[in-house]
Amino acid sequence: MQLRLINPNTTAGMTATIGEAATRIAAPGTHIIATQPAAGPVSIESHFDEAVAAVGVQEEILAGERDGADAYIIACFGDPGLLAARELTRAPVIGIAEAAFHMASLISTRFSVVTTLGRTAIIAEHLLAQYGFAHHCRRVRAAEIPVLDLEEDGEAAVARIIDEGRRAKAEDGIGAIVLGCGGMADLTAEITEAVGLPVVEGVTAAVKLAEALVGLRLGTSKHGDLAFPRPKAFTGRFEHFSGLTPAA
Ligand code: 2AL
């Protein structure tokens, strides 16, 4: 099984971190290909960053279709371009926020999210509402760390995530913590130990959900709104999207 793991931001170090965490948790028959868009923001921490990154995600899906991918993961906690990506393939496409929410809801009745910057909390809150998990989530908390601090100032960033996780445990009445950034993919064990609650991390959760769907021979439904987009002309720098047809 070929699993294309798309880091929607363009920081190669983070793509490597995410790819290694996914590879460690993957089943023996799962081959992880960690990729990132050729162009776009180096980190995603605003609505604008997300909108730009979502186009790069679609280009990575189209590359995966040419390459024979069996499943895809969108490894940014805003799940940028998720439904659009599903339109482009029959394979399963899983966002790490939705993967983490699903997994957390299976092991707890209430969880809190610990994400990066406070300004991105609204992105997770919108997804919780859209996916039907608002009732399961007590609070979206922010450690107030820029995404790239996870790469560049790892120790200080982890300390802040642990502090926020401990506050969540003490104040939120929860059973689990969800880590709210792809760049946290390698921190699960350390934060679980420090906080003393089950910690659900989206990249690893998504790997296991993708393996389950492929094992069940379930792919994205092509009946209804997730059908392939109607082929049409695209102009200018999006000309390469013109006349898109399903991969053979
Ligand atoms: C993210 C993420 O997962 N990757 C990125 O660049 N921005 N989202 C977040 N809330 O930190």
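The values are calculated or read from the model by the stated rules, or taken from the named source; none is laboratory data. Everything numeric in this text was worked out from a predicted model, so none of it was measured. Here Cβ is always computed from backbone atoms with ideal geometry, including for glycine, and neighbour counts include all displayed protein chains. Each accessible area value is taken on the protein alone, full model and side chains, heavy atoms only, with ligands, DNA and RNA left out. Shrake-Rupley method; radii C 1.70, N 1.55, O 1.52, S 1.80 Å.
Observations
- In a residue-by-residue description of segment 14-30, the property of being more than 26 Å from V199 (Cα to Cα) and surrounded by 24 or more Cβ atoms within 10 Å (Cβ to Cβ) applies to no position.
- The sole residue among Q36, Q2 that is over 21 Å from P146 (Cα atoms), touching a residue at least 12 places away in the same chain (Cβ under 8 Å), touching a strand residue (DSSP E or B) at 6+ places or on another chain (Cβ under 8 Å) and not hydroxyl-bearing (S, T, Y) is Q2.
- Matching entry among I32, I6, I25 (being within 14 Å of the ligand (Cβ to nearest atom), modelled with pLDDT of 95 or more, within 16 Å of A210 (Cβ to Cβ) and not charged (D, E, K, R)): I6
- All positions within segment 195-235 that are among the aliphatic types (A, V, I, L, M), more than 23 Å from I161 (Cβ to Cβ) and part of a loop (DSSP other than H, G, I, E, B): L216, L218, L226, A227, A233
- P198 closer than 26 Å to M103 by Cβ, open to solvent by 30 Å² or more (accessible area, probe 1.4 Å) and either at pLDDT 95 or above or not acidic (D, E) (or both): yes
- Residues of segment 62-116 satisfying the condition of being surrounded by fewer than 20 Cβ atoms within 10 Å (Cβ to Cβ), of a type in the set (D, E, K, R) and farther than 19 Å from A227 by Cα: D67, R110
- Pair list, Cβ < 6 Å and 6+ apart or interchain, from segment 113-126 residues that are charged (D, E, K, R) to residues that are more than 6 Å from the ligand (Cβ to nearest atom): E125/V140
- Every pair of residues 6+ apart whose Cβ atoms lie under 6 Å, when the first sits in segment 59-74 and is without any contact (Cβ under 8 Å) to a residue 60 or more places away in the chain while the second is assigned to a strand (DSSP E or B) and of a type in the set (A, V, I, L, M, F, W, C): E60/I6
- Subset of segment 205-228 that is within 16 Å of the ligand (Cβ to nearest atom) and under 16 Å from R4 (Cβ atoms) - its residue that is nearest to the chain's Cα centre (by Cα): A206
- Residues (β-branched (V, I, T), buried (at least 23 other Cβ atoms within 10 Å of the Cβ) and near the ligand (Cβ under 9 Å from one of its atoms)) located in segment 42-57: I44
- Condition check for R119: surrounded by fewer than 21 Cβ atoms within 10 Å (Cβ to Cβ), among the charged types (D, E, K, R) and closer than 18 Å to V147 by Cβ: yes
- Hits in segment 1-33 (condition: assigned to a helix (DSSP H, G or I) and among the small types (G, A, S)): A12, G13, A16, G19, A21, A22
- Residue selected from segment 149-173 under the condition part of a loop (DSSP other than H, G, I, E, B) and modelled with pLDDT of 95 or more, by the criterion surrounded by the most Cβ atoms within 10 Å (Cβ to Cβ): D172
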